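Peer 1: Sending over a structure as structure tokens; questions will come in a sec.
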Amino acid sequence: MSTVKQLSEEIAQGLTQALPNVNKPVVRKLSLAVGAMIEGRTPNTVELSNLLPLPLERQDQREQWLRRLLSSPALCCETVIEPFAQEALRHAGQNGQMILLSLDQTDLGDRMAVLMLTVRIGDRSLPLAWLAEAGQANIGFHRQKILLDKVLAWISAGAAVMLLADRFYPSLELFQWLKTQSWHYRLRLKGNLVVDTGRGDETTTAHLAQDHTQRYWPNVRLFGVGEVMTNIGIIHDEGHPEPWIIAMDCPPTRAAVLDYGSRWAIEPTFSDFKSRGFQLEDSHLRQPARLERLILIMALAMHWCVRVGYQDAVQRPTPLEKKPHSKPTPRTGALQNSGAVWSPGSHEACDT
């Protein structure tokens, strides 16, 4: 039996259990594609189709099979990823721990932009929801809200959530949405935003950061319009070209500013999708819907590999893994964060 066929059969069992309401032929086809993705780690549909364990001799038939899958409306990204996303969120929030979500965008040259929302698990993150737009784009709040609303529906009532986002994302609408949901946040700000500290004339966030290694401003008004009140903490450590100007929902402190560093867990995830893993930047797909389904196949492969790695560590631990772990649980400026590794289908976790 080929490696891809064996992988596909195991994946099909897991997908069938997780997706009882999804059309069985779709689940079967998806499991074949995920198995091929794990083996080939390529976004090239020609190379990927060559790995599919199908009873087809002609290459053009294999490519057509994969193209039909990527263009099929029956393959709904939200429906397929939902049970995996919910399990990851439950583990991230177990024992009342803060769920850390990162919102960020990556570009595939000048052809496509991908916006993604991930959840931090240990020192990295797993994809929850994503969307693609053609061309170079700074994807605005109306599209960010689609991802935020999806993930909101998957989070247990009463869970503590913190959103981390880079300086391209803060907007009046995002602040209002976060306030409505009572989510915590650490949002990096650009230097050109208008701010009113209540101590005189309006100024800019860059001016607040001038000539200070640390500065904290409670109860400031952003954007110069509306009623967006927030707190700002600024740190400019020696050797760094730019300061961190961070908006937060809690009283500004150095620890709260440093919470923003948890956002970097999304960078290894993007690396896994791109240069260090599936080489997504080499994809030639130009239709956003098809690219989103290709990302779904990669995301399932990623979730599956994390699951297998966890099970192997539990069932066949190395001498190092048998030793008790004393690594401290990361903390945020507001609540304690999880250091647990997620495993689909399991309600146990181990420290990374």
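The values are calculated or read from the model by the stated rules, or taken from the named source; none is laboratory data. Quantities reported herein were computed from a predicted structural model and do not represent experimental measurements. All Cβ positions, even for glycine, are placed from backbone atoms using ideal geometry, and neighbour counts span all protein chains on display.
Each row is one residue, and each column tells you yes or no for (1) of a type in the set (A, V, I, L, M, F, W, C); (2) more than 23 Å from GLY158 (Cβ to Cβ); (3) surrounded by 20 or more Cβ atoms within 10 Å (Cβ to Cβ).
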| residue | (1), (2), (3) |
| --- | --- |
| ARG62 | no, yes, no |
| TRP65 | yes, yes, no |
| LEU69 | yes, yes, yes |
| GLN86 | no, no, no |
| GLY93 | no, no, yes |
| GLN97 | no, no, yes |
| LEU103 | yes, no, yes |
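Peer 1: When you look at LEU300, is it out of contact with any strand residue (DSSP E or B) (no Cβ under 9 Å at 6 or more places or on another chain), surrounded by 13 or more Cβ atoms within 10 Å (Cβ to Cβ) and modelled with pLDDT of 85 or more, yes or no?
Peer 2: yes
Peer 1: Now for a separate question. Hey, among GLU63, GLU9, GLU78, GLU87, which residue is among the charged types (D, E, K, R), touching a helix residue (DSSP H, G or I) at 6+ places or on another chain (Cβ under 8 Å) and either in contact (Cβ under 8 Å) with a residue 60 or more places away in the chain or outside any helix (DSSP H, G or I) (or both)?
Peer 2: After ruling out the rest, the residue left standing is GLU78.
Peer 1: Only residues that are at negative phi and either of a type in the set (S, T, N, Q) or free of Cβ contacts under 8 Å to residues at least 24 places away in the same chain (or both): list them for region 93-141, please.
Peer 2: GLN94, GLN97, SER102, GLN105, THR106, THR118, SER125, GLN136, ASN138
Conditions (1) touching a Gly at 6+ places or on another chain (Cβ under 6 Å); (2) of a type outside the set (D, E, K, R); (3) surrounded by fewer than 14 Cβ atoms within 10 Å (Cβ to Cβ); (4) farther than 24 Å from PRO83 by Cα, marked per residue:
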residue	(1), (2), (3), (4)
LYS150	no, no, no, no
TRP154	no, yes, no, no
LEU189	no, yes, no, yes
VAL194	yes, yes, yes, yes
ILE232	no, yes, no, yes
ILE235	no, yes, no, yes
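Peer 1: Quick one: which of GLU78, GLU9, GLU82 is farther than 30 Å from ILE146 by Cβ, acidic (Asp, Glu) and surrounded by fewer than 22 Cβ atoms within 10 Å (Cβ to Cβ)?
Peer 2: GLU9
Peer 1: Would you please list the contacts, defined by Cβ atoms under 8 Å and residues six or more apart or on different chains, that run from a residue in region 183-210 that is acidic (Asp, Glu) to a residue that is assigned to a loop (DSSP other than H, G, I, E, B) and buried (at least 21 other Cβ atoms within 10 Å of the Cβ)?
Peer 2: If the second residue must be assigned to a loop (DSSP other than H, G, I, E, B) and buried (at least 21 other Cβ atoms within 10 Å of the Cβ), no pairs are left.
Peer 1: A further question follows. Specify the residue that is nearest to PHE223 (Cα to Cα); the eligible residues are those in region 158-174 that are of a type outside the set (Asp, Glu) and part of a helix (DSSP H, G or I).
Peer 2: Of everything passing the filter in region 158-174, LEU172 is nearest to PHE223 (Cα to Cα).
Peer 1: Right, next: Being part of a helix (DSSP H, G or I) and touching a His at 6+ places or on another chain (Cβ under 9 Å) is the filter here; which residues of region 175-222 pass it?
Peer 2: Passing the criteria: only LEU178.
Peer 1: Take the conditions in contact with a strand residue (DSSP E or B) (Cβ under 9 Å, 6 or more places away or on another chain), in a helix (DSSP H, G or I), buried (at least 18 other Cβ atoms within 10 Å of the Cβ) and at pLDDT 95 or above and apply them to ALA265. Does it pass?
Peer 2: no
Peer 1: Residue check, THR42 against (1) part of a helix (DSSP H, G or I); (2) under 23 Å from the mean Cα position of the chain (by Cα), all met but one. Which one?
Peer 2: Just one mismatch for THR42, condition (1).
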